[in-house]
Amino acid sequence: TICLLTSQVSDSMNVSEPHSSFASVREFVLLGFSCEWKIQILLFSLFTTTYALTVTGNGAIVCALWCEWRLHIPMYRFLGNFSFLEIWYVSSTVPKMLVNFLSDKKTISFAGCFLQFYFFFSLGTSECFLLAVMAFDRYLAICRPLHYPNIMTGHFCTKLVIICWVCGFLWFLIPIVFISQMPFCGPNIIDHVVCDPGPLFALACASAPTTQQLCYTLSSLVIFGNFLFILGSYTLVLLAVLRMPSATGRHKAFSTCGSHLAVVSLFYGSLMVMYVSPGLGHSADIQKVATLFYAMVTPLFNPLIYSLRNKEIKAALRKVLGRLNIIQ
């Protein structure tokens with residue numbers, strides 16, 4: 001494998017002379033993890049299991065919330081959309097990772113690389129917005145309980161979900177188009193597990209400081225903006241919970257908020273390390289680990305942390321499983 005990758009590096013260095021058109025690079029090599037074949041097989045097995053558990057866990061939540069009509073309320077509609085989004089988010093990158101573990105070439109086409117880039121970042125941005133909307137929903141429910149039914153109607157809930165998806169898929173569209181128009185004339189080796197802006201900027205034949213600054217500015221806005229909104233919402237929620245006279249009410253509110261904040265911490269922590277601090281010069285290995293953390297680990301733990309601890313969802317899951325047993 002090392003010999004083949006070395007040959008690919010040598011070939012890619014001779015693709016064309018500098019300053020040639022970006023069309024000269026027709027594919028990239030996602031280097032991934034350079035290790036022995038046995039370790040590659042071990043990682044393949046581990047990632048396959050993680051992917052299967054992630055899709056199964058989030059899919060079970062979507063099915064349970066869809067089938068249980070009593071859970072068709074805003075809080076659970078947001079949860080259902082969040083789990084549905086997680087399935088697509090992890091599916092935008094992991095299948096290609098798994099293929100590369102068993103491949104000697106580890107190549108991805110030029111168009112495929114930027115499509116992966118677009119969907120991975122768009123789904124991640126939609127997740128940022130949706131987490132902020134879920135925090136806003138909890139703020140209204142706990143701090144404005146009398147006004148909650150009139151504000152968070154089914155129609156308004158649907159609007160918020162649509163806005164999260166649309167804004168997510170439009171947020172990075174222009175920077176990705178700009179990056180795809182940059183001249184790539186070789187080498188074409190991406191020392192990463194996914195098509196990421198950092199390695200792509202490094203491979204470009206000509207520098208594009210404006211596009212690079214735009215990319216990191218938009219990343220900072222979506223990450224810090226939503227994170228500060230969530231932090232502000234839960235600060236108000238915490239103050240309201242502490243004023244509750246009932247210990248049971250405080251425990252229930254803390255349970256819901258604690259789960260959401262755990263998901264937020266896992267997701268936003270790794271994002272801030274990667275995309276809001278480009279000047280720190282992270283090593284390739286740190287970039288790969290951080291990417292795997294928010295691309296695979298958080299989608300795996302989200303159902304356990306945020307949803308499966310909920311009594312209503314566990315009851316709905318048991319009900320769905322009971323129906324399946326009856327059908328069988």
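Note on LYS106: lysines with a C-alpha under 26 Å away, same-chain residues under 8 apart excluded, are LYS38, LYS96, LYS288. Note on SER45 and THR153: the model spin-label points, each 7 Å out from Cα along the C-beta direction, lie 5.6 nm apart.
For segment 29-326, the Kirkwood radius over C-alpha pairs fed into Stokes-Einstein at 10 °C and 1.306 mPa s yields D = 77 µm² per second. Per-residue extension of 0.36 nm, minus the Cα-Cα distance of SER34 and PHE254, leaves a gain of 74.8 nm for this segment.
When the scattering of segment 151-258 is computed by the Debye formula from its Cα atoms alone, each counted once and equally, what is log10 I(q)/I(0) at q = 0.16, 0.21 Å⁻¹? Values returned for q = 0.16, 0.21 Å⁻¹ are -0.88, -1.15. Using a simple spin-label model with pseudo-atoms 7 Å out from Cα toward Cβ, GLN213 and LEU242 lie 4.2 nm apart.
Computed with a 1.4 Å probe on the full set of protein chains, the accessible area for TYR51 sits at about 50 Å².
In this structure, VAL289 and LEU146 have a Cβ-Cβ separation that, at R0 = 45 Å, corresponds to a calculated FRET efficiency of about 0.45. Here the label points at LEU228 and LEU98, each 7 Å from Cα along the C-beta direction, are separated by 4.0 nm in the simple model.
The values are calculated or read from the model by the stated rules, or taken from the named source; none is laboratory data. Everything numeric here is computed off the predicted structure, so don't read it as measured data. All Cβ positions, even for glycine, are placed from backbone atoms using ideal geometry, and neighbour counts span all protein chains on display. Accessible surface areas use protein heavy atoms only, side chains included; no ligands, DNA or RNA. Shrake-Rupley method; radii C 1.70, N 1.55, O 1.52, S 1.80 Å.
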